[in-house]
Amino acid sequence: MKAIIFDDFGGADVLRLADAPMPELRPDDLLIKVMAAGVNRADLLQREGVYGSQSYGDSAILGLEVAGEVVAIGDTVSGFAVGDRVMGIVGGGAYAQYARVDSGMAVVIPAALSFMEAAAVMESFVTGWEALAHLGHVAKGDTVLVHAAAGGIGSAAVQLARTAGATVLATASASNIDNVLSLGADAVFDYKRVDFEAEVVDATASRGVDLIIDFVGGSYLARNIRSLAPGGRLVQVGLLGRDDNAIIPLGTVLHNHLQLLGTVMKSRSRSEKRAMIRRFRDDVLPMMGKELQPVVGALYPLSATSDAHRRMEAGGVFGKIVLGDFHG
C-alpha cells in the first residue's frame, strides 16, 4: 500500500509518499480501506520531533482519525461488518491507503455524511464533547467561551455548546468572525484587535463565563481565569501558543473556587479512548449530519500532504483540513 512516511524530523518537506507494509489485523480490529483522513496539529508536532519519537501508539505512520470502508474484521469484533462505512480514532496510521482501527474506537458513519465530512468528525467532536460535557459539565443556561473557534475542535465546540443550550462567546480572526457566527455563536471577538477579557466583562455584565474551552495557553491562562464566574471551569485542550510556563493567578482560583482541567486525546489509554468514543456515540452521533455539521475547510490529495501541513502551519483555515484521494 501507499502511505506518507518521513525519515527524519523536520518541516513539511520531509513527508513523502512511499510503499509501506499493510497493517496487521488484531482480534479487536477493523481493517479499513481509507477514503479520507483528518489532519491534526499533533501530526505536525510528531513530524517536528516534539514527542521525541516517530512512533506514537500503533503506527509510525502519521494520522489520528480516519474514514473509510471496512474490508476485514478481527475474530472478536461484533457490531461491524465488511462493507460498513466507518470513522474512527487511530494511534497513528491514517495517512495510508489502509489502516487498522480498534473496533471500540470506531462508529458507523451517518448516512448524511460523506467520507470527506466524516474525516472531520472524530478528533474534533469527540474532543469537543469530552471538554464541554464530561470535564466541563456544560449545562443549559451556561455561558461558554470557546477560543480558536474557527479551528476543527473549536468549530465543533461552538456547535456542541449551542445544542447544549449554552450562550456561546468565541474568539477568532477577523476573517472568520462571520463563519463562527454561522455556527451558532452569540458573539465572536477578533483576538488580534480586542481584549477578550474586557469583552467578557461587557458581555456578561462583569459576572464572567461558566466554562472556557481553550486551545492557546500561554498568556491566555491568566486572562481566562480572571474571565471565569465564581465556580467556573477552564478546560485546557491544547497549546497553540506553545507556552506551558504561564502564570496562574492562584488568589483568583482560590477565592472564586475555580477548576482548571487539562485534556489531550493522544496520550490517553486505550480504555479511556474507548470510553470517550462511547460517550460521543451515545450523546453526539445521533445529531451528526443534522443539528451538528463537520466543517471541512480545505481538502488535499494524499500525495499533497506536505501542502496540507503547510496550510495548517499558516493558520486561518475555517474548520478541518482533510486528506482525500487515497486510491486515485
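Throughout, read-outs are computed from the coordinates displayed, never taken from laboratory work. Note that this is a predicted model, so its numbers are computed, not measured. Cβ coordinates were reconstructed from backbone atoms using ideal geometry, including for glycine residues, and neighbour counts include every protein chain displayed.
Reported to the nearest whole Å, the Cα centre-to-centre distance from the range 201-236 to the range 4-81 is 36. Between Ala174 and Met287, residue separation times 0.36 nm minus the direct Cα-Cα distance comes to 37.8 nm.
Normalised by the number of residues in the range 124-262, the average gap of Cα pairs under 8 Å and 6 or more apart makes the relative contact order 21 percent.
The range 264-305 and the range 114-162 have Cα centres separated by 10 Å.
Computed 3J(HN,Hα) for the range 141-150, one whole-Hz value per residue from the Karplus formula 6.51 cos²θ - 1.76 cosθ + 1.60 where θ = phi - 60°, is x, 5, 10, 10, 10, 10, 8, 6, 6, 8, glycine and proline marked x. Taking a sphere under 15 Å around the Cβ of Asn179 and counting the other residues whose Cβ falls inside, with K and R at +1 and D and E at -1, yields a net charge of -1. Each other residue within a Cβ distance under 13 Å of Lys320 adds +1 if Lys or Arg and -1 if Asp or Glu, for a net charge of -2. With R₀ fixed at 22 Å, the C-beta to C-beta distance from Leu261 to Ala222 puts the FRET efficiency at about 0.85.
Dividing the helix sum by the residues of the chain, where each DSSP H run of 4 or more adds -39500 (n - 2.57), gives a mean residue ellipticity at 222 nm of -6000 deg cm²/dmol.
Using Stokes-Einstein with the Kirkwood hydrodynamic radius over Cα pairs, what translational diffusion coefficient do you get for the chain at 10 °C and a viscosity of 1.306 mPa s, in µm²/s rounded to a whole number?
On the way: Rh = 20.0 Å.
Stokes-Einstein gives a translational diffusion coefficient of 79 µm²/s.
Where nothing but the Cβ of Lys and Arg (+1) and of Asp and Glu (-1) is charged, how large is the charge dipole of the chain around its Cα centre, in debye to the nearest 20? Each step should come with its number before you reach the end.
Details: 29 positive and 37 negative charges, 71 e Å.
So the magnitude is around 340 debye.
Candidate cross-link partners of Lys266 among the aspartates and glutamates, defined by an alpha-carbon separation under 15 Å and a same-chain spacing of 8 or more, comprise Asp43, Asp58, Glu65, Asp102, Glu123, Glu130.
Based on the alpha-carbon gyration tensor of the range 124-262 and its eigenvalue square roots a ≥ b ≥ c, which shape applies: rounded if a/c is under 1.5, prolate if not and a/b is larger than b/c, or oblate? Write down the numbers at each step before the final one.
On the way: a/c = 1.29, a/b = 1.21, b/c = 1.07.
Rounded shape, in that the Cα axes give a/c under 1.5.
Only Lys, Arg, Asp and Glu carry charge here, each on its Cβ (+1 for the first two, -1 for the last two); on that basis the range 124-262 has a dipole of about 120 debye about its Cα centre.
Among 219-229, 131-141, 37-47, sorting by the average number of other beta carbon atoms lying within 10 angstrom of each residue, highest first, gives 37-47, 219-229, 131-141.
A cut-off under 11 angstrom between Cβ atoms defines the neighbours of Gly83, and their net charge, with Lys, Arg +1 and Asp, Glu -1, is 0. Straight Cα distances below 22 angstrom link Lys192 to the lysines Lys320, with same-chain residues fewer than 8 positions distant left out.
Note on Lys140: lysines with a C-alpha under 22 Å away, same-chain residues under 8 apart excluded, are Lys290.
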